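Visitor: Here it is: the structure, laid out below.
Derivation of every value follows stated rules applied to the coordinates shown; laboratory data play no part. This structure is a prediction, so every number in the text was calculated from the model and none was measured. Note that we place each Cβ from the backbone using ideal geometry, even for glycine, and neighbour counts take in every protein chain shown.
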Amino acid sequence: MKVLLVAVNAKYIHSNLAIYSLKAYADRYFTENRESNASSTPQLVIKEYTINQQSESILKGIYLERPDVIALSVYIWNRTIIEGLLPELRKVLPQAKLWLGGPEVSFDLESQMQHFPMINGIMYGEGEATFAELIDQYWKCETLTLAEDLSMIRGIVYRPSEIDSPVTNLPRPVLAMDEIPFPYKDLKDFDNRIIYYETSRGCPFSCAYCLSSVEKKLRFRSMTNVSKELTFFLNNNVKQVKFVDRTFNCNHEHAMKILCFIQENDNGVTNFHFEIAGDILTEEEITLIRSLRPGLVQLELGVQSTNPKTLEAIDRRTDLDILKKNCELLLEPRNVHLHLDLIAGLPYENRERFAQSFNEVFAMNGDELQLGFLKLLNGAPMKNMAKEHGILSTDEPPYEILMTKYLSYDDVLHLKEVEEMLENYSNSGQFNHTLRQLLKEEESPFALFENLAAFYKKKGYPVISVSRLRRYEILLEYLEEKDDRQIAVKYNLRDRESCRIETYKELLTLDYYLRENAKKRPDFAPVIEGREQEVIDFFREEAQMHEFLHGYEGYDAKQLQKMTHTETFCHILSGDASETPCKIIFDYKRIHPITKAAALIRIPLHKEVRLTGENG
């Protein structure tokens, strides 16, 4: 008997921890429970696809496996595809047992069964033990030619026959975390993909928009197992391990043991991603995190709103003053990538109040600010609050808001435009120095992204499928068209406007080359004649001495010039105008692990030498 576990992921780089965990548990179950005279066990096969693949291709891939049982994991990002796939699967594999699981079908079970008349049933709640017992029942029926009896399997809803109404069995008690086997045996199928890993299940908080608020049975994996499993990732030089623990630091002792372990066993390669609650971080945790190798960890911190009334309405308890202070402490050493989250469409936040939340969170100076939009998830308490707050969402996944009592549809569309500019110009990390100066001229960060969105619309410029260079050019156009009468420029310049634009051209050039040794030189890059021979002489000397460019040993002067980039700046040295041009080398062998920017070295012309920093 062949059993196919199917995942349809949002992107190729993602993997589906759920189906790997189901398979690991079932493999162990059949090994431990196989009768001594049994010659074989069910064949369990994993197949992963992405939402970018054609449905016909997915259908073909599943069909060619000729499975007897098909179990599909359903989420908001793949439900539409799976809905279209199920009727076709029933046609081409009429005898196969079709089962669903996952958060999208684990609530309103009877209505889900009515919506999917072609399936045999749904596994709800934690699926490891349920899946193993279900497959065991099918296996026994096949080998002993018995009629299947699913009545004693907890955690399922099923149809006893085609004419019977669905039957919902009792829910299954949750497993202790150490009862769940480690899902990874080897990593040959995970090259260039994110590895997901969990050391806890459940959540101590009750945020109304989140499904984790439904599961209160918080439990943790023992450090004995965690240390062995993290060692496996480290020994395999996994690029990134993403913890799916809902709040990694909800248990101080557990979090500290893991952080200490990864510090002591750091392989210099692997990055660990954690979702944390910023306001409950302890002094001990912050001190340890600040001491870690740059790039060893990255932190995702959900703020969601800074409106106290909103936070109360969604049952989210956050001390914003402590959170802001902790963010400042985490960011000070520049060794941790900090990702901050906001949700638009929450109760009591109109456009103006959301802009205030945006500005306050942006001021926390995280490396990335994700502007998400409220989704009315099946099973989340927020769905029951929708009528009270006038929340209307799409009927189809991902059930994202269209409007609320506080936000019109026009407002939502406007915020979508702000989000696009935020992604292109801030979260990309490609305009850091330019934005830092530009924000001195704008009313607020939110106003900047509003104005950029309006500029794109006025010019008729597309937002997506735009080259990196073109985004720089458009930003310069925006800067050139800004009304300078209201600008308080921070420079002591003789010709205010012309020097301002020249300064921005240099800032754009700096940002452009910090992230890439680009082949095409942008038109806005400054051109200053003279002193070329001094640069040539520098590289000739550097090819022999290697005093400043480390890791380039064995290359001659011409090769060094090609492998690095040299630029001349007049206006942006230490934030002031400079009478003397300054030449900078962009060192692409030294990339800052947080900013991803090349190191900068000032070329020692006239025997003046100074490093300008690793992150630009």
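Visitor: Take residue 469 and residue 63, extend 7 Å from each Cα along the Cα→Cβ direction, and tell me the distance between the two endpoints in nm.
Guide: Placing both labels 7 Å along Cα→Cβ, they lie 4.6 nm apart.
Visitor: Still on this structure, please answer the following. Out of segment 345-395, which GluC sites (Glu not before Pro) are coil in DSSP terms and have no more than 12 other C-beta atoms within 10 Å?
Guide: Those satisfying the criteria are 388.
Visitor: On a 28 Å Cα-Cα criterion, which of the cross-link pairs 2/217; 505/562; 47/239; 188/217 come out too long?
Guide: The pairs that break the limit, which is 28 Å between Cα atoms, are 2/217; 188/217.
Visitor: What's the center-to-center distance, using Cα atoms, between segment 349-381 and segment 75-111 in Å?
Guide: Their Cα centres are 32 Å away from one another.
Visitor: Which FRET efficiency, nearest 0.05, do residue 175 and residue 141 yield, Cβ-Cβ r, R0 22 Å?
Guide: 0.30
Visitor: Right, another one. Report the extension gain between residue 439 and residue 88 in nm, rounded to one decimal, defined as 0.36 nm multiplied by the number of residues separating them, less their alpha carbon distance.
Guide: Gain on stretching residue 439 to residue 88: 121.0 nm.
Visitor: Kindly express, to the nearest 10 degrees and within the range 0 to 90, the angle between helix 320-331's C-alpha long axis and the longest C-alpha principal axis of the chain.
Guide: 70
Visitor: Now for a different question. By average Cβ neighbour count within 10 Å, what is the ranking of 310-322, 427-439 from highest down?
Guide: For the peptides 310-322, 427-439, the packing ranking is 427-439, 310-322.
Visitor: Taking amide H positions as placed 1.01 Å from N in the peptide plane, with prolines and chain starts having none, which residues 5 or more places from residue 200, or on another chain, fall under 5 Å of its amide H?
Guide: For residue 200, the qualifying residues are 221, 245.
Visitor: Can you list residues whose amide H is under 5 Å from residue 304's amide H, if they're 5+ apart or on another chain and H is modeled 1.01 Å from N?
Guide: When sequence neighbours closer than 5 places are left aside, the close amide H contacts are 341, 342, 343.
Visitor: Please work out how much length the chain gains when fully extended from residue 291 to residue 148, using 0.36 nm per residue of separation minus the C-alpha to C-alpha distance, in nm with one decimal.
Guide: Difference between extended and current length: 45.7 nm.
Visitor: Would you mind checking the tilt of helix 128-144 against the longest principal axis of the Cα atoms of the chain, expressed as 0 to 90 degrees and rounded to 10?
Guide: Around 40 degrees separate the two axes.
Visitor: How much length is gained on full extension from residue 545 to residue 394, taking 0.36 nm per residue of separation minus their Cα-Cα distance?
Guide: Fully extending the segment from residue 545 to residue 394 adds 47.9 nm.
Visitor: Tally the DSSP beta bridges in the chain and give the antiparallel ones as a percent, rounded to 5.
Guide: Bridges in the chain are about 35 percent antiparallel.
Visitor: From the list (i) 0.98; (ii) 1.16; (iii) 1.02, can you say which value of Rg/Rh (Cα atoms, Kirkwood Rh) was derived from the structure given?
Guide: The calculated read-out lines up with (iii).
Visitor: If you don't mind, another one. What nm value, rounded to one decimal, do you get for the distance between residue 186 and residue 558 when each label is placed 7 Å out toward the C-beta?
Guide: The modelled label-to-label distance comes out at 4.7 nm.
Visitor: Students often forget the sequence filter, so: which aspartates and glutamates lie under 16 Å Cα-Cα from residue 91 once same-chain residues fewer than 8 apart are removed?
Guide: In chain and number order, the partners are 56, 65, 68, 83, 162.
Visitor: Hey, which aspartates and glutamates would be in cross-link range of residue 383, C-alpha to C-alpha under 19 Å, not counting anything within fewer than 8 residues on its own chain?
Guide: 104, 108, 110, 215, 312, 315, 349, 395, 396, 400
Visitor: May I ask you to derive the relative contact order of the chain, considering only C-alpha pairs under 8 Å and at least 6 residues apart, and to give it as an integer percent?
Guide: 8
Visitor: Ignoring everything except DSSP H segments at least 4 long, calculate the 222 nm mean residue ellipticity for the chain; use -39,500 (n - 2.57) per segment, divide by total residues, nearest 500. Don't skip to the answer; put the middle values down first.
Guide: Numbers: 19 runs with 223 residues, N = 616.
After summing the helix terms and dividing by the residues of the chain, the value is -11000 deg cm²/dmol.
Visitor: Continuing with the same structure: Can you list the trypsin sites (Lys or Arg not before Pro) in segment 88-168 that are in a DSSP coil and have 15 or fewer other beta carbons within 10 angstrom? Don't skip to the end; give the middle numbers.
Guide: Values: sites: 90, 91, 97, 140, 154; in loops: 154.
Sites meeting the loop and neighbour criteria: 154.
Visitor: OK, next. Could you list, in their original order, any pairs among 140/185; 11/257; 405/459; 457/583 whose Cα atoms are separated by more than 29 Å?
Guide: Exceeds cut-off: 11/257; 405/459; 457/583.
Visitor: In whole angstrom, note down how far apart the Cα centers of segment 164-234 and segment 8-28 are.
Guide: Each part reduced to its Cα centre gives a spacing of 11 Å.
Visitor: Another question about this same structure. Give me, ordered by chain and number, the residues 5 or more places off residue 590 or on other chains with an amide H under 5 Å from its own placed amide H.
Guide: Under 5 Å from the amide H of residue 590 lie the amide H atoms of 599, each far enough along the sequence or on another chain.
Visitor: Helix 55-64 against the longest principal axis of the chain: what's the angle in degrees, Cα atoms only, rounded to the nearest 10?
Guide: Helix 55-64 and the main axis of the chain meet at about 50 degrees.
Visitor: Given R₀ = 35 Å, what would the calculated FRET efficiency be for residue 54 paired with residue 28, taking r from the Cβ atoms and rounding to 0.05?
Guide: Approximately 0.50, to the nearest 0.05.
Visitor: Here is a further query. Using the basic label-point model (7 angstrom from Cα toward the beta carbon), what is the residue 405 to residue 12 distance in nanometres?
Guide: Result for the modelled spin labels: 4.7 nm.
Visitor: When the Cα centres of segment 538-555 and segment 272-307 are compared, how far apart do they sit, in Å?
Guide: First find each Cα centre; the distance between them is then 39 Å.
Visitor: Moving on to the next point. Among the trypsin sites (Lys or Arg not before Pro) in segment 318-418, which ones are in a DSSP loop with at most 11 other Cβ atoms within 10 Å of the Cβ? Mind listing them?
Guide: 387
Visitor: Using θ = phi - 60° and the Karplus form 6.51 cos²θ - 1.76 cosθ + 1.60, what ³J(HN,Hα) does each residue of segment 438-445 get, whole Hz, x for Gly and Pro?
Guide: Running phi through 6.51 cos²θ - 1.76 cosθ + 1.60 with θ = phi - 60° gives 5, 5, 5, 9, 8, 5, 6, x Hz.
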